[in-house]
Amino acid sequence: MTTETITISLADFIAKHGLRMTVSPAARNPNAADDEWARDADHWRCTIMCGRARMIVHFSKGSGHHGEPAELPEVLDSLAMDAAGIVNARDFADWCAEYSYDTDSRKAERTFKACKRQAASLRSLLLDRSGAFEELLFNTERE
């Protein structure tokens, strides 16, 4: 017996699960490195809603976007890619190997922990939707 995997677009996923987002400017992104890119980037505080559940995440866009606000598809896509990296990793060392981080780096550890927290929040946001977390990570076309 063959099992066929069905993929949907990110826009269809958002509509199917009734996701919405509000966005407001932020002075900084607490998860971003303190480097030139982050200092010049536009930072946003995004509240993603699914039914009554909410998730707050910071999102940054390079200065070339000229203050263009974050949009739900790009934020969700970024969260899904980070969460998939966490779900697919056996542990911190495995995650580091996948993303070319040094396992002895405190910056890598902070990034890993931030991705883990966001993956857990994303899973909680989608929890009341049967299989939605896995659908987003593995059966939704990336933008």
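The values are calculated or read from the model by the stated rules, or taken from the named source; none is laboratory data. In this text the structure is predicted, and so the values were computed from the model without any measurement. Ideal geometry is used to build each Cβ from the backbone, glycine not excepted, and the neighbour counts take in all protein chains shown.
Just a few scattered comments:
- Boolean, ARG20 is among the charged types (D, E, K, R) and either modelled with pLDDT of 95 or more or surrounded by 14 or more Cβ atoms within 10 Å (Cβ to Cβ) (or both): yes
- Counting the residues of region 51-85 that are closer than 28 Å to GLU98 by Cα and modelled with pLDDT of 90 or more gives 23.
- Among the residues making up region 77-109, those that are touching a residue at least 40 places away in the same chain (Cβ under 8 Å) and under 19 Å from ALA41 (Cβ atoms) are ASP77, LEU79, MET81, LYS107.
- Qualifying residue in region 108-117 (condition: closer than 23 Å to THR22 by Cα, in contact with a Phe, Trp or Tyr (Cβ under 9 Å, 6 or more places away or on another chain) and not in a helix (DSSP H, G or I)): no
- Being of a type outside the set (Ser, Thr, Tyr), within 19 Å of ASN29 (Cα to Cα) and part of a helix (DSSP H, G or I) is a property that ALA84 lacks.
- Flag if LEU127 is within 19 Å of ARG54 (Cβ to Cβ), in contact with a helix residue (DSSP H, G or I) (Cβ under 6 Å, 6 or more places away or on another chain) and either free of Cβ contacts under 8 Å to residues at least 60 places away in the same chain or not basic (Lys, Arg) (or both): no
- For region 3-41, the set of residues classified as in contact with a Pro (Cβ under 6 Å, 6 or more places away or on another chain) and either closer than 17 Å to GLY64 by Cα or part of a strand (DSSP E or B) (or both) consists of VAL23 only.
- Here ARG39 clears all of (1) in contact with a helix residue (DSSP H, G or I) (Cβ under 8 Å, 6 or more places away or on another chain); (2) surrounded by fewer than 18 Cβ atoms within 10 Å (Cβ to Cβ); (3) closer than 30 Å to ARG106 by Cα except the condition numbered (1).
- Within region 16-58, being among the basic types (Lys, Arg) and either in contact with a strand residue (DSSP E or B) (Cβ under 9 Å, 6 or more places away or on another chain) or in contact (Cβ under 8 Å) with a residue 12 or more places away in the chain (or both) holds for LYS16, ARG20, ARG28, ARG45, ARG54.
- With respect to the conditions (1) over 20 Å from SER9 (Cβ atoms); (2) within 16 Å of the chain's Cα centre (by Cα); (3) assigned to a loop (DSSP other than H, G, I, E, B), ASP102 lacks only one, and its number is (2).
- Scanning region 87-99 for residues that are of a type in the set (A, V, I, L, M, F, W, C) and in a loop (DSSP other than H, G, I, E, B) returns a single hit, ALA89.
- The conditions of being modelled with pLDDT of 90 or more and of a type in the set (Val, Ile, Thr) are met by ILE48.
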